[in-house]
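> The structure's right below; bear with me while I get my questions together.
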Amino acid sequence: MSKSEHKSGELAISVQHLGLVYKTTIDRRPTLKARVRTLGRGTKHTRIVHALDDVMLDVPYGSVLGVVGANGAGKSTLMRVISGILPPSHGRVEVYGKVSTLLALGVGFNPSLSGRENVQLGGLAAGMSRRDIEDHFEEIADFAELGDAIDAPMRTYSSGMFARLGFSVAVTVRPDILIVDEALSTGDAKFKEKSLNKIKELRSEDRALVLVSHGLGTIREVCNEVAWLHKGKLIQRGEPNKIVDAYEKFLKVGKSAAIDEDV
């Protein structure tokens, strides 16, 4: 497939004043006294959650942006909004190019179908033609290292096999923009290394990559810029070692001047 036509430095993703708000309902069990007072009925409380709060972020072509943050920081939510899976509550996201996402490994695969059939479905969903899929099938199958299991139903696959096939399809699409959410944390050590090398290979081309990971060593090694999210807010963005050092310090002591200032 053809190489990206975009040039390094051109804008790939623009996130402007992005917010995502949703409501959750909490049922609280009443005390005995409260049950008597309310005739046994419980109470429901509505909680407003700001999953993303006024996030501003630009990602140019030729860059690899790492996204870090504790669980619940809004990392995966941000990736889903950028990918068009979730609509924002306010603000806007502009994407300039073809996006391939690896958000939840195996999502979209039909467990009743074989790996081969799911490669065809996944390729079509990603915008590949049938000819493209045929031309690149062996490349996908070889990278996934499934052997004869490629023709077995995917319900017989282990989570690692799901991961390998999902990653293989996503990177073989040769996207302009590749979004990877924790995919490199799945699979054995050999495949993790192979996947990391593939990310580095894509990094060398004029593409834009966004990598969400708790693997801070990988973030330091692969990315040329890092964004730190906390409770839906963008806390800091900058050179990988600087941001990762600040984030690691926060994880150890539980506080940060940047968070105290911005949150």
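Read-outs throughout are calculated quantities, based only on the coordinates presented, and are distinct from any laboratory measurement. In this text the structure is predicted, and so the values were computed from the model without any measurement. Quick reminder, even Gly has a Cβ in these numbers, built from the backbone with ideal geometry, and neighbours come from all protein chains shown.
> For region 145-151, what does the Karplus curve 6.51 cos²θ - 1.76 cosθ + 1.60, with θ = phi - 60°, yield as ³J(HN,Hα) per residue in whole Hz, taken in order and with x for Gly and Pro?
So the J values, rounded to whole Hz, are 6, 9, x, 5, 5, 4, 9.
> With Cβ to Cβ distances under 12 Å as the rule, what net charge do the other residues near residue 150 carry (K, R +1; D, E -1)? Can you show the working numbers first?
Details: positive: 116, 164; negative: 117, 138, 142, 145, 148, 151.
Cβ neighbours under 12 Å give a net charge of -4.
> Continuing with the same structure: Sorted from fewest to most neighbouring beta carbons within 10 Å, what does the list 21, 81 look like? Walk me through the numbers before you get to the answer.
Working: 21 14, 81 23.
Ranked by crowding around the Cβ, least crowded first: 21, 81.
> Compute the signed sum of charges (Lys and Arg +1, Asp and Glu -1) over the other residues within less than 15 Å, Cβ to Cβ, of residue 133.
On the way: positive: 116, 130, 131, 174; negative: 117, 132, 134, 135, 138, 139, 142.
Net charge around residue 133: -3.
> Moving on. Net charge within 12 Å of residue 171 by Cβ-Cβ distance, Lys/Arg positive one each and Asp/Glu negative one each, not counting residue 171 itself? Present the calculation step by step, with values, prior to reporting the outcome.
Numbers: positive: 164, 174, 194, 198, 200, 203, 207; negative: 139, 201, 205.
Taking every other residue near residue 171 into account, the sum is +4.
> Continuing with this model, one more query. Taking 0.36 nm per residue of separation and subtracting the Cα-Cα distance, what length does fully extending residue 134 through residue 17 add? Provide the component values of the computation, followed by the final result.
Numbers: separation 117, 0.36 × 117 = 42.12 nm, distance 4.18 nm.
That pair, residue 134 and residue 17, stretches by 37.9 nm at full extension.
> Sort 167, 191 by Cβ crowding within 10 Å, fewest neighbours at the top. Display every interim value, and only then the final one.
Working: 167 25, 191 19.
Ascending number of Cβ neighbours within 10 Å: 191, 167.
> For residue 66, what residues show an amide H to amide H distance below 5 Å, using hydrogens built from the backbone and excluding near sequence neighbours?
For residue 66, the qualifying residues are 211, 224, 225, 226, 227.
> When the expected Rg is taken as 2.2 N^0.38 Å, what fraction or multiple of it is the alpha-carbon Rg of region 150-209? Don't jump to the answer; show the numbers that get you there.
Working: Rg = 12.2 Å, N = 60, 2.2 N^0.38 = 10.4 Å.
Scaled against compact globular proteins, the figure is 1.17.
> Rank the residues 171, 95 as a footprinting-exposure proxy: fewest other Cβ atoms within 10 Å of their Cβ go first.
Details: 171 22, 95 19.
So the residues, fewest neighbours to most, are 95, 171.
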